[in-house]
Protein chains: 2
Amino acid sequence: MSLAKSSTFQLEEETQWEDQGAGIQRQVFGYDDKIMLAKARFEKGAVGTLHSHPHVQVCYVRGGVFEVTIGSEKQVIKDGDGFYVPPNIMHGVVCLEAGTLIDAFSPMREDFL
Amino acid sequence: MSLAKSSTFQLEEETQWEDQGAGIQRQVFGYDDKIMLAKARFEKGAVGTLHSHPHVQVCYVRGGVFEVTIGSEKQVIKDGDGFYVPPNIMHGVVCLEAGTLIDAFSPMREDFL
């Protein structure tokens with residue numbers, strides 16, 4: 001089991017935005033081995049390409065408009081909305097208006113550290 | 001093991017705000033047995049009283065200003081910031097300016113359904 005653990009508090013202004021390329025930046029927030037919260041900031045037109053992972057994922061849309069594909073479902077959602085991705089299901093987003101996705105994963109995304 | 005699972009998409013305008021009393025309202029968003037995302041909307045002055053639970057919790061602050069106590073730590077955080085609560089650690093918030101906490105828990109909060 002991982003003993004990794006975040007600080008208790010995360011401040012946006014003091015946390016590095018990691019450039020993921022293609023108009024996407026990430027901030028990793030609170031986590032331990034069981035859960036992780038991360039922000040993904042998208043420029044208009046940026047594409048989170050279809051992918052899958054064994055982690056379950058829930059998301060909250062903080063600003064912007066996104067076309068979200070999860071398995072065989074596709075929907076345009078906006079600021080204040082959210083989605084759920086079961087483990088190992090292909091999913092991806094297209095950013096129609098700039099915004100940020102607040103993602104939570106279980107277990108943690110070790111690949112984000 | 002619970003077989004409970006949310007819909008794939010959650011729309012803010014179509015999801016009920018559950019009144020928790022004392023100036024706090026909740027929307028439950030994506031979940032399965034391993035994780036749950038929920039929003040807690042606070043009026044200015046509302047108090048999330050000190051409590052603890054076995055679930056690990058991560059939070060993102062969507063608007064507003066909150067004084068957050070986690071174990072022996074206390075900090076004022078605002079829109080865009082976040083925090084991490086280990087299992088079984090006492091924590092609570094005081095809302096200094098109206099806003100919404102985006103909370104994720106692992107495992108899910110069965111008591112929220």
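Every read-out reported here was derived from the displayed coordinates using simple, explicitly stated rules and does not represent laboratory data. Just so it is clear, the model here is predicted, and its values are computed rather than measured. Cβ atoms come from the backbone with ideal geometry, glycine included; neighbour counts cover every protein chain shown.
Mind sorting A:Tyr84, B:Tyr60 by how few other Cβ atoms lie within 10 Å of their own Cβ, fewest first?
If I rank by nearby Cβ atoms, fewest first, I get A:Tyr84, B:Tyr60.
Put the label 7 Å from Cα along Cα→Cβ for B:Met90; what are its distances to the other copies, in nanometres, shortest first?
5.1
Please state, rounded to one decimal and in Å, the Kirkwood hydrodynamic radius that the stretch B:1-89 gives when every pair of distinct Cα atoms enters the mean of 1/r.
About 14.6 Å, per the Kirkwood formula over Cα pairs.
Just to confirm the numbers: A:Val47, label point 7 angstrom along the Cα-Cβ line, distances to the other copies in nm, shortest first?
Computed spacing set for this position: 5.3 nm.
I want the local charge near B:Val58. Using Cβ-Cβ distances under 14 Å, sum +1 for each Lys or Arg and -1 for each Asp or Glu among the other residues.
With Lys, Arg at +1 and Asp, Glu at -1, the neighbours total +3.
Can you pick out the pairs among A:Lys5/B:Lys78; A:Lys74/B:Lys34; A:Lys44/B:Lys44; B:Lys5/B:Lys74; A:Lys34/B:Lys39; A:Lys44/B:Lys39 whose Cα atoms lie more than 28 Å from each other?
A:Lys44/B:Lys44; B:Lys5/B:Lys74
Stokes-Einstein diffusion coefficient for the stretch B:1-48 at 20 °C in a medium of 1.002 mPa s, Rh from the Kirkwood formula over Cα pairs: what value in µm²/s?
179 µm²/s
Can you pull the mean other chain C-beta count within 10 Å for peptide A:53-63?
Mean partner-chain Cβ count within 10 Å for A:53-63: 5.
Is the protein assembly as shown rounded, prolate or oblate when judged by the Cα gyration tensor, a ≥ b ≥ c being the square roots of its eigenvalues, rounded requiring a/c under 1.5 and prolate requiring a/b larger than b/c?
Rounded.
Average partner chain C-beta neighbours within 10 Å, per residue of B:67-77?
Per residue, the number of nearby Cβ atoms from other chains is 2 on average.
Could you please report the charge total around B:Glu12, scoring K, R as +1 and D, E as -1 over all other residues with beta-carbon less than 14 angstrom from its beta-carbon?
Charge balance in the 14 Å sphere: +1.
Based on other C-beta atoms within 10 Å, arrange A:Lys34, B:Lys78 from fewest to most.
Result, fewest neighbours first: B:Lys78, A:Lys34.
Normalised by the residues of chain B, what does the relative contact order come to in percent, with Cα pairs under 8 Å and at least six apart?
30 percent
How would you rank A:Arg109, B:Arg41, going from fewest to most other Cβ atoms within 10 Å of each one's own Cβ?
A:Arg109, B:Arg41
Would you kindly derive the ³J(HN,Hα) couplings of the stretch B:17-23 from the backbone phi angles with the Karplus curve 6.51 cos²θ - 1.76 cosθ + 1.60 (θ = phi - 60°), listing them in order in whole Hz, with x for Gly and Pro?
8, 8, 6, 8, x, 6, x
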